[in-house]
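Student: Here's a structure for you.
We did not get these values from a lab; they are worked out from the coordinates using the rules stated. Source: prediction; values computed, not measured. Quick reminder, even Gly has a Cβ in these numbers, built from the backbone with ideal geometry, and neighbours come from all protein chains shown.
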Amino acid sequence: MSLGTHPSHGSCSGESGGMRAVARCGLLAAPPYSQDETGLFRPYLSAAHKATLATVALWMQQAGMSVRQDAAGNIIGRYEGIRPNAPALLIGSHLDSVRNAGSYDGPLGVMLGLECVAYFAACEERFPFALEVIGFGDEEGSRFPVSMLTSRAVAGLLPHAPQDMVDTQGVSLSQALEQFGLPLRNFVQAARPPQDIVAYLEAHIEQGPVLEAEGKAVGVVTGIAAQYRFLVRITGFAGHAGTMPMSMRQDALAAAAEAILIIEQTAQQGAQDLVATVGSLSVSPGAPNVVPGDVSFTLDVRAGTEAVRNAAVEQIRMALAALARRRAVTVDIVQQQDLASAPCDEALTQHLGDAVRQVTQEPARQLVSGAGHDAMVMAALAPMCMLFVRCEKGISHNPAEAVNSTDVETALQVMVRFIENYAGSFGTKTEQMAG
Ligand code: GLV
Ligand code: MN
Ligand code: MN
C-alpha cells in the first residue's frame with residue numbers, strides 16, 4: 001500500500017481505518033441509534049434503524065460513494081469501477097441487532113466495507129468491478145418471527161411480497177414498512193439481477209472462542225451451518241394451584257420444562273456441530289396461583305449439514321410426541337424458518353486465505369460458522385466468502401462483546417489485499433485514476 005492522504009476522508013496508508021470502524025460501531029450502540037437507553041437494541045424498521053441509516057449514508061458519501069436505500073430498507077453505497085455501471089463486488093453485513101446486543105455483531109462488517117472504499121478512494125484506485133457496501137436491515141429476526149428478510153429480498157429469494165407478519169407489539173410488517181416510507185408490495189424490488197453482482201464478501205466477529213484460543217487476529221470461513229426455527233406450543237389445562245391434585249394436572253409449563261431438557265440432551269448427545277436452543281418462552285395465563293394451561297417457546301436447531309440437523313429434529317419430534325401422550329398435553333411444532341447450509345465459494349476463500357497469509361505472514365485458520373450470516377443467503381445470488389475477526393472470549397449477543405482495534409486493522413488490510421488480488425484474477429490491471 002502506498003502512502004498518501006485523501007483531502008476529505010480516508011488515508012491511503014489504510015492506517016487507522018480499523019480504529020475508526022471500531023469507534024463508529026461504539027457510536028451506533030447508543031441512542032438515537034439504539035431504541036433502548038440501557039442497552040443496544042436496534043430492530044428492523046425502528047426509529048433507531050432510520051437514524052442509523054442517515055448516519056451511515058453520510059459516512060458512505062464521505063468515503064466517496066453514491067448512496068441509495070432499497071425497497072427493503074437496506075442502505076447501499078456504490079464506488080464505481082474503471083468503467084461506469086460495471087457489476088459490483090458487494091461487501092456487507094447487517095445493521096439490526098438482538099435485544100441487549102453487543103456493538104460489533106453486524107455493524108463491524110459494514111464499517112469495514114466502508115473503510116475499504118475510503119482507502120481505495122484515497123489511493124485513487126479503481127477496479128474492473130464497482131465496489132458496493134450494503135447495510136442489511138434485518139438479519140437477526142429480532143422484530144418479526146423470521147430472520148434475514150432483507151438479504152433474502154436482495155438475493156431474489158422472495159418471489160412475492162413476504163407474508164404480512166406481526167411483531168410482539170402488534171405492528172404488522174406492512175405497517176412498519178409504510179411508516180418507513182416503503183410499501184410492502186415493492187419489497188421484492190430489492191432483488192438484484194445476478195449479473196449485477198460478481199461476488200459477496202462479509203467480515204464479521206467470530207462470535208466464538210477459537211481464534212482467541214489460537215492467538216489469531218482473523219480467520220477464514222469455509223461454510224455456514226444449516227438452521228431451523230420452530231415455534232413449539234404445548235397446550236394443557238389451566239386450573240387452580242391450590243385445589244388441583246398433582247396426579248390430575250395437565251401442566252403445560254412442567255411439560256415444557258421436560259421438553260426443553262429433552263431438546264438439550266438430544267443436542268448434547270448428537271454430533272459435535274449440532275446445537276439446539278430454546279431462547280424465548282411465554283406462559284399463559286402466567287399467574288402464581290394458576291396451573292399453566294398454555295406455553296409457547298422458540299426452538300432453534302443448527303448443524304453443519306442438513307442431514308445431521310434434520311435427524312436431530314426428527315428425534316426431538318418423536319420424543320415430544322411421547323411426552324405429550326404421557327402428560328396428557330398436546331404439542332404442536334410449527335416450522336418458521338429453514339435456512340440451508342452454505343459452503344463458501346472455494347476460489348474466493350482461497351483468495352481470502354492468500355490475503356490473510358500476505359498480511360499476517362501465517363497460514364489462514366479456517367472455521368465453520370455456527371452463527372447465521374447474510375452471506376448464507378447471498379450465496380444464492382453470487383459466490384461468497386467470509387472473514388472472521390477475533391472477539392474477546394468469544395462473547396456475542398451480549399453487551400460484553402469486544403474486539404481489539406489492532407485485529408480490526410488487520411482485517412481491513414486483509415480485505416484490501418483480497419480486493420486487489422481478486423481484481424488481479426480478473427485479468428485486467430487496476431488503474432490509477434488521473435489526479
Ligand atoms: C444470528 O446472529 C444468528 O446466528 O442467529
Ligand atoms: Mn447476531
Ligand atoms: Mn451478525
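Student: By count of other Cβ within 10 Å, fewest leading, how are 298, 243, 406 ordered? Could you put the intermediate results ahead of the total?
Tutor: Details: 298 16, 243 8, 406 13.
Listing 298, 243, 406 from fewest to most nearby Cβ atoms yields 243, 406, 298.
Student: Enumerate the residues in the range 137-168 having an amide nitrogen under 17 Å from the point lying 7 Å beyond the Cα of residue 100 toward its Cβ.
Tutor: Residues passing the 17 Å test: 142-143.
Student: Let me ask something else about it. Kindly provide the pair-distance distribution of the range 1-137 built from C-alpha pairs, with 5 Å bins from 0 and whole-percent values in order of increasing distance.
Tutor: Result returned by the calculation: 2, 12, 21, 23, 19, 12, 7, 4, 1, 0.
Student: While we're on this one: For the chain, what relative contact order do you get, as a whole percent, if you take Cα pairs closer than 8 Å and at least 6 residues apart? Intermediate values should be presented prior to the final figure.
Tutor: Values: 1018 pairs, mean separation 91.6, N = 435.
Relative CO of the chain lands at 21 percent.
Student: Another question, then. Using a cut-off of under 17 Å, list every residue of the range 213-227 whose amide N is near the label point 7 Å from the Cα of residue 271 along the Cα-to-beta-carbon line.
Tutor: Under cut-off, by backbone N: 222-227.
Student: Let me ask something additional. May I ask what percent, to the nearest 5, of DSSP beta bridges between residues of the chain are antiparallel?
Tutor: Numbers: 48 of 69 bridges.
Of the beta bridges lying entirely in the chain, close to 70 percent run antiparallel.
Student: Just subtract the alpha-carbon distance of residue 164 and residue 332 from 0.36 nm times their residue separation and send over the number in nm, one decimal.
Tutor: Working: separation 168, 0.36 × 168 = 60.48 nm, distance 2.21 nm.
This chain segment gains 58.3 nm when fully extended.
Student: Out of all DSSP beta bridges in the range 42-179, what portion is antiparallel? Express it as a percent rounded to 5.
Tutor: Details: 10 of 17 bridges.
Bridges in the range 42-179 are about 60 percent antiparallel.
Student: Next up: Could you pull out which residues in the range 383-426 have an amide N less than 17 Å from a spot 7 Å beyond the Cα of residue 19, following the Cα-Cβ vector?
Tutor: Taking a point 7 Å out along Cα→Cβ of residue 19, the residues of the range 383-426 whose backbone N falls under 17 Å are 403-413.
Student: Rounded to two decimal places and with Rh computed the Kirkwood way over Cα pairs, what is Rg over Rh for the chain? Display every interim value, and only then the final one.
Tutor: Working: Rg = 23.2 Å, Rh = 22.8 Å.
Over the Cα atoms of the chain, Rg/Rh equals 1.02.
Student: A follow-up question, please. Using unit Cβ charges (K, R positive; D, E negative) and no other charged atoms, how large, in debye to the nearest 20, is the dipole of the chain about its Cα centre?
Tutor: Values: 29 positive and 43 negative charges, 129 e Å.
It comes to approximately 620 debye.
Student: Would you order 160, 397 from fewest to most other beta-carbon atoms within 10 Å of each residue's own beta-carbon? Walk me through the numbers before you get to the answer.
Tutor: Working: 160 8, 397 17.
If I rank by nearby Cβ atoms, fewest first, I get 160, 397.
Student: Among all helices in the chain defined by DSSP H, which have a length of 20 Å or more along the axis from Cα atoms plus a Kyte-Doolittle mean of at least 0.5?
Tutor: Values: long enough: 47-62 (23 Å, 0.39); 107-123 (24 Å, 1.63); 252-269 (25 Å, 0.86); 306-327 (31 Å, -0.07); 346-360 (21 Å, -0.26); 405-425 (30 Å, 0.12).
Span-like helices, by this rule, are 107-123, 252-269.
Student: On to the next question. Using only helices, what value at 222 nm comes out for the chain when you add -39,500 (n - 2.57) per DSSP H run of length 4 or more and divide by the total residues, to the nearest 500 deg cm²/dmol? Walk me through the numbers on the way to the answer.
Tutor: Details: 11 runs with 142 residues, N = 435.
Roughly -10500 deg cm²/dmol at 222 nm, from the helical runs in the chain.
Student: While we're looking at this one, here's another question. Which one of 272, 426, 221 has its Cα pushed farthest toward the positive end of the charge dipole of the chain, where Lys and Arg give +1 and Asp and Glu give -1 at the Cβ?
Tutor: Looking along the dipole axis, the top candidate is 272.
Student: For the range 33-100, rounded, prolate or oblate, judged on the Cα gyration tensor with a ≥ b ≥ c (square roots of eigenvalues), a/c < 1.5 rounded, else prolate if a/b > b/c?
Tutor: Working: a/c = 2.85, a/b = 2.42, b/c = 1.18.
Here the range 33-100 falls in the prolate category.
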